[in-house]
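FYI, it's all coordinate maths here, none of it is from the lab. No experiment lies behind these values; they were computed from the predicted model shown. Every residue, glycine among them, receives a Cβ derived from its backbone with ideal geometry; neighbour counts consider all protein chains shown.
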Amino acid sequence: MGKSNYLIIVILFVIVSCSDRVRLNADEYFRYVANPENNLCVEKKLNEFTYQLRVKTPEEMAYIETLPAQGEGFDSLVKVYSNTNYFEFKIATKSRKKQDPTKYKVNDFNEFQERFDKLAFRLQENFYLVDEAQKDTIKPLSYHFERSYNLSDKATFNLSFKKIPEVGKSFNLVFEDDVFDNGPIIFKINKESIKNAPILKL
């Protein structure tokens with residue numbers, strides 16, 4: 001087979017592969033990534049807490065950043081964010097009072113301060129990612145705690161890790177919960193779910 005014919009086949013394969021991904025508007029897209037059935041959002045319920053891990057796709061990251069500019073530079077930012085894996089992690093109390101996890105069952109200000117400091121500045125140490133294909137243990141590149149000022153019943157964290165190789169079927173993100181003593185919590189994500197996520201249509 002000639003080089004030109006081989007190149008055409010490769011190009012056609014890429015076009016067909018890309019066309020298989022569904023195109024969704026913003027509302028549809030964010031409903032899709034938040035739906036646990038699509039394996040981009042995984043939830044675990046342990047004792048008095050609910051833990052949720054959600055993949056933040058390159059399209060989502062680019063959309064949020066370019067929203068004030070009405071999408072200008074969106075495609076170039078998608079390429080930039082494709083070099084890293086991003087996640088949103090939430091801890092919520094299951095009690096009817098919907099209490100802020102930073103204050104849940106703390107007895108005094110010193111206990112509150114200790115918990116807040118752990119969540120805001122030191123919890124990054126409790127996360128790691130295990131790629132089943134490479135058998136690597138990967139620590140976060142970045143970590144950010146979204147302070148809610150007692151206006152939410154959830155503690156929200158944003159994490160990033162170096163790009164996970166596409167080879168292999170899945171990876172695990174592990175949270176060692178020594179704050180609420182629920183031990184290691186494992187979230188399994190299928191790589192195909194990320195690869196085949198819809199295209200965000202602006």
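Side notes on the structure shown:
- Residue count for segment 106-115, restricted to those that are in contact with a Phe, Trp or Tyr (Cβ under 9 Å, 6 or more places away or on another chain) and not aliphatic (A, V, I, L, M): 1
- Pairs linking a residue in segment 19-30 that is part of a loop (DSSP other than H, G, I, E, B) to a residue that is among the charged types (D, E, K, R), with Cβ atoms under 8 Å and 6 or more positions apart or on different chains, are Asn25/Lys201.
- Residue in segment 90-105 that is closer than 21 Å to Tyr32 by Cβ and in contact with a Ser or Thr (Cβ under 6 Å, 6 or more places away or on another chain) present: yes
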